[in-house]
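First the structure, in the form of structure tokens, and then the observations on it.
Throughout, read-outs are computed from the coordinates displayed, never taken from laboratory work. All values reported here derive from a predicted model rather than from experimental measurement. A quick note on method: Cβ atoms are made from the backbone with ideal geometry, for glycine too, and the neighbour counts reach across all protein chains shown.
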Amino acid sequence: MPDVGRPRGLCGCPAAFWRSDLSTPRVFALGLLLAGAAFSPVHAQDARQAAPEAATGYHDKAGWPAQKYMVAAANPLAVEAGYQILKQGGSAIDAAIATQLVLTLVEPQSSGIGGGAFLVHYDGKQVQAFDGRETAPASADERLFQRPDGTPVSRTEGVVGGRSVGAPGVLRMLELAHRQHGKLPWKALFAPAIRLSEEGFPVSKRLNLLLGYDPHLRKDRIAAAYFYDAQGKPWPVGHILKNPALAATLREIAEGGADAFYTGHIAHDIAAKVAFHPTNPGLLTARDIADYRPKVRQPVCSDYRTYTVCGMPPPSSGGIAVAQMLGMFENFDMKKLAPAAGVPGPEAVHVFSEVARLAYADRNRYAADTDFVPLPGRGIASLIDKGYLAQRAKLVGPRSMGEAPAGTPPGMEVAWGTDNAIETPSTSHVSVVDAEGRGLAMTTTIEDAFGSRQMVDGFILNNQLTDFSFASRDENGPVANRVEAGKRPRSAMSPTVVFDKKSGRLVLTVGSPGGPAIINYVAKVLVGTLDWGLNVQQAISLPNFGSRNGPTELEAGRFPLATIKELEARGHKVRVSEQTSGLHGIQRVSVHGVPLWFGGADPRREGIAKGD
């Protein structure tokens, strides 16, 4: 298992896993099966509820090979920025910073310097988990999203406005990571984003459609003037959109470091925007922003067959939940469940979904910021204990259990209520490997599409506090993920790196946006690559499926009616909906004995991978 300070040897990777015929990629013919099964009125309504960042098309991708280094991310302009940094000799961290800064400009609905991020990084010797999650204001308490009578406010009232804004964390976190692992000067990493902000970039189809869907962004005067024309229509595809305000902000941060954001006028501008929202003011102050500190945490690492998989610890629930799912999958012959013609069969969907229910049941009961509330038993070790997970796996029978109960991990001494946070899938993921073998997975977010719908100094502010539970207690006790001053809200973000267990060599980095469905998306790719022998692009392109301890969720238009009917016959309540993952990953492969990096990008979004 990768540990702090342990050196890594040469690859002893199983040849059968890494050998992929990339000269003739096996691109699955996906999305052609009985699309009509997905479009009843009920299914359409479910799709709207399940995907606040709406689907904007599906485009097959073959994947991208490279020999030395690579970056995969959600927008070609952001990928180009990271690629140029790698080409200049920059580290994986350097490339991730440049990529994130451009994403702030070109993918403002999903991430940016007004939000937060989780980063799992491998420097060739150790794995670190960098926590750049936002924090609640010092004056916030568990009643933040409740009416005077204690009932939760509506989703819109919670999300839109100042109430939902937490202290942004991504810049402080990236600065800390750069101090430890950067090679190029901090200032140099800002050049691509500053240039694009000044010269402008063409509005993409995805951005145009999301601007058209959103009913709230136009209510912010600054955002309306930037994103829409005089008639209130979103700028058309191809329109060159310039952001001089963001260019000025980035110049200040390039020159003055993260302090320019956290202790200068930018922090005061953010606080004023939050406090003076006309209908839903918030509590975040300039002092809250100045006091923000990122954290370096011990990653959640566990063995899965011949691999070691490392993910993000709390306040993310992703690392634990993914480890739990893999630990339960070890009790099944997953290879026998490999998809036919690129579509998982009923038994694969059944086992995957039932295991997911069990992991999500524990997540919804126990996961929160462990700086404030303890995990049950021995903490992470209890929740990913192999014996505990083997017992949980025995609950998977021939019929769906519907709603799984939370487990009782070894040594459990605490009881928590059930969480009811609003978690939404507007997030982005970046995977990078550099020429020296360092690699990272970074999932970054402002939470909902266009966050809190507030724009200041050229960027969008997050609505991350809605990841807290709106309810603070129930009959089982206090909710672990309730709002508390200075606390970080629970997340499902699951940036993940995978190693060959024998040699310790990095073999995969992957992650996704998607709100609470992120855990299923990432687990799908891990099973696809580690059990089913697919390359990372093929695994990403598989239909999305799983359960969050509710309905069994299938991606619209991707499963035959026969599969749906068989699942229903086994007790599954099937919900067919758009599942707009944004998976990006980089995998070590071997082609005719030549080691390569192979990058994959989600066909549901506009990302790519690029390297040399």
Rounded to whole Hz, the Karplus (6.51, -1.76, 1.60) HN-Hα couplings of the range 192-198, x for glycine and proline:
x, 5, 5, 4, 5, 5, 7
Taking the number of other C-beta atoms within 10 Å as the exposure measure, put LEU508, LEU596 in order starting with the fewest.
LEU596, LEU508
Reachable aspartates and glutamates from LYS61, criterion Cα separation under 14 angstrom, eight or more residues apart if same chain:
ASP602, GLU606
For a quick check: with amide H placed at 1.01 Å from N, whose amide H comes under 5 Å from THR427's, ignoring anything fewer than 5 positions away on the same chain?
GLY514
Dimensions in Å of the chain - Rg and Dmax from alpha carbons:
22.3, 67
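For the chain, what is the mean residue ellipticity at 222 nm derived from helices alone (per DSSP H run of n ≥ 4: -39500 (n - 2.57); sum divided by total residues; nearest 500 deg cm²/dmol)?
Working: 20 runs with 189 residues, N = 612.
Mean residue ellipticity at 222 nm (helix-derived): -9000 deg cm²/dmol.
Where does the charge balance sit around ALA224 when Lys and Arg score +1, Asp and Glu -1, over other residues with C-beta under 15 Å from its C-beta? If you can, show how the numbers build up before the last one.
On the way: positive: ARG218, LYS219, ARG221, LYS233, LYS273, ARG453; negative: ASP214, ASP220, ASP229.
After counting each charged neighbour, the total is +3.
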Past 30 Å, Cα to Cα, is the threshold; run LYS394/LYS573; LYS273/LYS524; LYS183/LYS295; LYS187/LYS233; LYS183/LYS205; LYS187/LYS242 against it and keep the listed order.
LYS273/LYS524; LYS187/LYS233; LYS183/LYS205
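Net charge around VAL160, counting only other residues with Cβ within less than 12 Å of its Cβ (Lys, Arg = +1; Asp, Glu = -1)?
Numbers: positive: ARG155, ARG163, ARG218, LYS219, ARG453; negative: GLU157, ASP214, ASP220, GLU447, ASP448.
Spelling it out: positives minus negatives among the neighbours equals 0.
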In sequence order, calculated HN-Hα J values of the range 209-218 (Karplus, 6.51, -1.76, 1.60; Hz; x Gly/Pro):
5, 5, 5, x, 6, 7, x, 10, 5, 5
Once phi is turned into ³J(HN,Hα) by the Karplus curve 6.51 cos²θ - 1.76 cosθ + 1.60 with θ = phi - 60°, what whole-Hz value does each residue of the range 272-286 show in order, with x for glycine and proline?
5, 4, 5, 5, 9, 4, x, 10, 8, x, x, 9, 5, 10, 4
Relative packing of 138-145, 118-125, which averages over residues the other C-beta atoms within 10 Å, highest first:
118-125, 138-145
Binned Cα-Cα distances of the range 184-281, short to long, each 5 Å bin given as a whole percent
2, 12, 17, 18, 18, 18, 12, 3, 0
If amide H atoms are modeled at 1.01 Å from N in the peptide plane, then the residues at a separation of 5 or more from GLY546, or on another chain, having amide H under 5 Å from its own are GLU553
Long-range amide H contacts for TYR304: which residues qualify at under 5 Å (H placed 1.01 Å from N, peptide plane, sequence gap of 5 or more or a different chain)?
VAL309
Do any chymotrypsin sites (Phe, Trp or Tyr not before Pro) in the range 265-355 lie in a loop, going by DSSP, with at most 10 other beta-carbon atoms within 10 Å of their beta carbon, and if so which?
PHE276
Within straight-line cross-link reach of LYS125, aspartates and glutamates at Cα separation under 19 Å, skipping those fewer than 8 residues along the same chain
ASP3, ASP94, ASP303, ASP434, GLU436, ASP500
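Considering only the other residues whose Cβ falls under 11 Å of the Cβ of ILE270, what net charge follows from Lys and Arg at +1 and Asp and Glu at -1? Present the calculation step by step, with values, prior to reporting the outcome.
On the way: positive: LYS273; negative: ASP269, ASP288, ASP457.
Combined, the nearby Lys, Arg, Asp and Glu give -2.
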